[in-house]
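Working notes, beginning with the structure itself.
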């Protein structure tokens, strides 16, 4: 069976690469490696999520499945008063995300090894962002949604990017079940990708 990036300890031989990307108007440098998602460059879905998410400076932000760090680091670099926590099950991805934070001089981040949201239970966040690990299966993706709702502060929002053919309709249905149909909307659509926003009501 082919190894994929939703793996605690990738066995693929290390092959580090470095590239630059402009995200939220800032040029960032990333090191990537074999065994992590989209190692050759920031994928279109992540870019769409990064540019679409509406997050106030000063927010507490969680990036779930951070990989080598493009989503969380782009948010942190553009919002210097935000506090960004980044989590991933993949040990190699966590190491890279920490290194990339240092490489770009980004200090308002914390990177944790975590099976989904296990490492942040008991904390609350104003925004949760995820480009979920589709290849891990629908059960894992839907668990991310449910656990994200539990850590969202009242008035907070979950931002998800997902391709239509990889389950955007079922993701929308699950989010509506968890958050209520009046609190889920499609914030952006481009090239088959949907960015979904699910908001937690103030009185929840």
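If a residue has to be loosely packed, with under 15 Cβ neighbours inside 10 Å and modelled with pLDDT under 95 to count, how many in the range 123-145 make the cut? Talk me through it step by step, then tell me what you get.
To start, the set of residues in the range 123-145 that are loosely packed, with under 15 Cβ neighbours inside 10 Å comprises 123-124, 135, 137-139.
So of that shortlist, the ones also modelled with pLDDT under 95 come out as 135, 137-139.
Summing the residues that are loosely packed, with under 15 Cβ neighbours inside 10 Å and modelled with pLDDT under 95 in the range 123-145 gives 4.
Residues of the range 44-58 that are in a loop (DSSP other than H, G, I, E, B) and either in contact with a strand residue (DSSP E or B) (Cβ under 9 Å, 6 or more places away or on another chain) or within 14 Å of residue 73 (Cβ to Cβ) (or both): 53, 54, 55, 56, 58.
Would you point out which residue out of 167, 192, 180 is in contact with a strand residue (DSSP E or B) (Cβ under 6 Å, 6 or more places away or on another chain) and surrounded by fewer than 20 Cβ atoms within 10 Å (Cβ to Cβ)? Talk me through it step by step, then tell me what you get.
Working: 167 fails: in contact with a strand residue (DSSP E or B) (Cβ under 6 Å, 6 or more places away or on another chain); 180 fails: in contact with a strand residue (DSSP E or B) (Cβ under 6 Å, 6 or more places away or on another chain).
Result: 192 is the single residue among 167, 192, 180 that is in contact with a strand residue (DSSP E or B) (Cβ under 6 Å, 6 or more places away or on another chain) and surrounded by fewer than 20 Cβ atoms within 10 Å (Cβ to Cβ).
Being surrounded by fewer than 19 Cβ atoms within 10 Å (Cβ to Cβ) and in a helix (DSSP H, G or I) holds for only one residue in 93, 148, 119, 101, and it is 119.
Residue 73 - would you say it is part of a helix (DSSP H, G or I) and more than 17 Å from residue 22 (Cα to Cα)? Please lay out each step first, then the result.
Numbers: part of a helix (DSSP H, G or I): yes; more than 17 Å from residue 22 (Cα to Cα): no.
When the stated conditions are applied, residue 73 does not pass them.
The values are calculated or read from the model by the stated rules, or taken from the named source; none is laboratory data. In this text, all values refer to a predicted model and were calculated from it rather than measured experimentally. Note that we place each Cβ from the backbone using ideal geometry, even for glycine, and neighbour counts take in every protein chain shown.
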